[in-house]
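Worksheet: the structure to be examined is printed underneath.
The values are calculated or read from the model by the stated rules, or taken from the named source; none is laboratory data. Worth saying up front: this structure is predicted, and the values here are computed from it rather than measured. So basically every Cβ, Gly included, is an ideal-geometry build from the backbone, and we count neighbours across all protein chains shown. Ligands, DNA and RNA are excluded from the accessible area calculation, which covers all protein heavy atoms including side chains. Shrake-Rupley method; radii C 1.70, N 1.55, O 1.52, S 1.80 Å.
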Amino acid sequence: MKKHIPNTITCCNLICGCIAIVFALQLNTQMALLFIILGAVFDFFDGMSARLLGVSSNIGKELDSLADDVTFGVAPSAMIFVELSVLDYPSFLNDIPFAVTLLPYLAFIVAAFSAVRLAKFNIDTRQTTSFIGLPTPANALFWGSLIVGIAPLLEQYKWFMPLMVLGVFVSSWLLVAEIPMFALKFKHWGFKGNEVKYGFVIFSAAVLIASIVAGVVMGQPRFAWSGFSIIIIAYVLVSILTQKK
C-alpha cells in the first residue's frame, strides 16, 4: 500500500487544480486561488512522502509534472483568461476585428510554458538545491494573488489590460529562462551562508503583514492577497541580483 501513497497525494494536487479551474471559470477567483494553494501543499508532501517511504518511481515523477501543469499552469491561465475577458480594452483595440474576443486566449501561453518548464526540470540535473527559471508554483501564486488582490482595484483603468498581456509574456519567459533562482532549502540553520534566505523570509513576513494592514485600512480585505505577488516579484529580482557570475 505504501508505494501508492505519494501518487495518491499527487492526484490530490491534480484534483485541486481541476477544481481551481472550475472556480476560475465561474469567476470565483478567491476559491480558485485557495485550491491552487492547497494543490501546492499536496505538491510539497508528495515528494516528501516518496523520499520518506523510499518509493520514488518514474511514474510518480511524470505524474507529478502532469499534476503541476494542471494546478500551476492551466489553473492560473484560466484565472488570467477570465480577467482579460472582463477588463475594459483601450479604444484602439476595440477597433481591431476580433481583438477583444481573441486576446484573452493569450492567457494559456502560461500553461504551455509551464509544461515546458516542468519538462526541463525533469531532465535538468542542475536543479537539485536551486532552480533554473521561475518555479511554476511561484508563477501561479503571483498571478493568483495579483488577480484576487489587486485586479479589482485596477479594473477601472484601461491600461491594466495591456500590462496583463505583457505580464503573460514576461512570466512565460521567466519560467524557461536560464536564470538561477534560490530555493528556501537550508543545509544548516546558521546565518552565515543563508543571509539571502533569512533576509528574504523576513522581508516576506513584513510584506504580508503590511498588505493585511493596508487591506484593513482601505476596507478591501482582498488586498491582503497582493502581498504574495509582491513577494514573487522580489524573489525574481533578488535571484537575479545575487546570482553568481
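Here are a few things to note about the model shown:
- The stretch between Ala183 and Ile212, if pulled fully straight at 0.36 nm per residue, gains 7.9 nm over its current Cα-Cα span.
- Residues of the chain were split at every exposed loop site, defined as chymotrypsin sites (Phe, Trp or Tyr not before Pro) in a DSSP loop with at most 14 other C-beta atoms within 10 angstrom, and the longest piece left, sites excluded, is 1-97.
- Pairs of lysine residues in the chain - Cα separation under 19 Å, sequence separation of 8 or more or cross-chain: 10
- Rounded tilt (10° steps) of 226-242 against the dominant C-alpha axis of the chain: 60 degrees
- Relative contact order of the stretch 1-158, pairs being alpha-carbon contacts under 8 Å that are 6 or more residues apart, as %: 29 percent
- At a probe radius of 1.4 angstrom, the accessible area of the chain per residue rounds to 53 square angstrom.
- Using alpha-carbon coordinates, inclination of helix 29-53 to the longest axis of the chain, degrees: 10 degrees
- Applying both filters, DSSP loop and at most 13 other Cβ atoms within 10 Å, to the trypsin sites (Lys or Arg not before Pro) of the stretch 108-137 gives Arg126.
- Positive contributions from Lys and Arg (+1) and negative ones from Asp and Glu (-1), summed over other residues with Cβ under 10 Å from the Cβ of Thr129, come out at +3.
- Residue-span extension gain [Val100 to Ala234] - 0.36 nm each, minus C-alpha spacing: 45.0 nm
- Modelled spin labels at Val86 and Arg51, positioned 7 Å past Cα toward Cβ, are 4.0 nm from each other.
- Computed from Cα atoms, the angle from the helix 160-176 axis to the main principal axis of the chain rounds to 20 degrees.
- Ranking by accessible area, most exposed first, for Met181, Met31 with a 1.4 Å probe: Met31, Met181
- Loop-exposed GluC sites (Glu not before Pro) per DSSP, neighbour cap 16 Cβ within 10 angstrom, longest uninterrupted part of the chain: 1-154
- The fraction of accessible area contributed by carbon and sulfur in the stretch 195-245 is 79 percent, rounded to a whole number (1.4 Å probe; ligands and nucleic acids excluded).
- Per-residue [θ]222 nm for the chain (sum of -39500 (n - 2.57) over DSSP H runs n ≥ 4, rounded to 500): -22500 deg cm²/dmol
- Radius of gyration and Dmax over the Cα atoms of the stretch 178-245, both given in Å: 14.3, 45
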